[in-house]
Amino acid sequence: MLWPLTGLESGAVPARPALAVKIENSLDARPQTGLNAADMVWEEVVEGGITRYVAVYHSVLPPEVGPVRSVRPMDPAIAAPLHGLFGFSGGQPAYVGAVADAGLQVLSFDNGDSGFYRIGSRSAPHNVYADPTALVAQADPQHLAAPGPQFETAATAAEATPLTAGTPAGALALTLSPSSHPNWTWSPPDGRWVRDENGTPAVEADGTPMRATNVVVLRVDVVVTDGRDPAGNPVPETVLQGRGEALLATGGRTMPVTWVKNGVADRLVLLGPDGNPVRLAPGSTWVELVPNGSGAVTVR
């Protein structure tokens, strides 16, 4: 048996749903807790040019994740294909309603759902954390099933499409906004990509570097919504429907691909130049949502 979101050997897959959690990525939020345990992490641009994560947990439920923050308008399209749970601190009613309308079970700190708590070592609003096991334990009968695979995964890393059809690459330099410049550098000893933020190593609260087996870079349109954050900044929305250019980085190699997502509840598919789905290496995957126009992707 294989874990559906990573393609790694699992033995028997537990009958539990996937859990998506909204994680903050401002300077005040770093270092975060629990991101390395996620099967998948999506990075999106929010108001003010900062980014936030949607971290997806299934194969491993770490004891703690955070800081947990509020939902945004593109989150239903990210999490709906999982048909599971979505945990966040709160959010504007329309955005919270959209999560429920997408078929996900809502778990919210503001609603008083159990499993969330504040820690004393950080100030609000950067101090809401969660216990994933406690969140998953609240799954209702409609949200108990394990998720399906979100990407095609090869049986071994050597069989991943970039290893057979890609070109060598040592690093990815990304611009998500004027203030957000994440980079991924291939680490042969780790066999994974290692992340930094604007040149500063990205680490967990315990000092462990943030790593990913696969990095998927999607070029996406970002539109301004009518929503405003508490400071009055317009809330952007990543349009995660349709098709666009993308880049797949695996095993120290990259290749151009095309992403296709037909609807909110449909999973995102990555197609190679031949029009067939590409295969990722077994392991964790980070998805970077890089805006068309203002964003940039450089392969080194």
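Tabulated data
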| read-out | value |
| --- | --- |
| Chymotrypsin sites (Phe, Trp or Tyr not before Pro) within the range 136-208: DSSP coil, no more than 14 neighbouring Cβ in 10 Å | none |
| Percent antiparallel among DSSP beta bridges (both partners in the chain, rounded to 5) | 75 percent |
| Global geometry of the chain, whether rounded, prolate or oblate, following the gyration tensor of its Cα atoms and the 1.5 cut on a/c | rounded |
| Percentage relative contact order, the range 157-299, counting C-alpha pairs under 8 Å, at least six apart | 31 percent |
| Distance between the range 28-71 and the range 107-175 - C-alpha centres, whole angstrom | 7 Å |
| Residue-averaged [θ]222 nm for the chain, counting only DSSP H segments that reach four residues, each worth -39500 (n - 2.57) | -2000 deg cm²/dmol |
| Contact order normalised by residue count of the chain, Cα under 8 Å, 6+ apart, percent | 22 percent |
| For the range 19-143: relative contact order, % (alpha-carbon pairs under 8 angstrom, 6 or more apart) | 27 percent |
| Global form of the range 201-247, assessed from the alpha-carbon gyration tensor, a/c cut-off 1.5 | oblate |
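Each value in this text was obtained by applying a stated rule to the coordinates, not by laboratory testing. This one's a predicted model, so the numbers in the text were calculated from it and none came from an experiment. Virtual Cβ from ideal backbone geometry, glycine too; neighbours counted across all protein chains shown.
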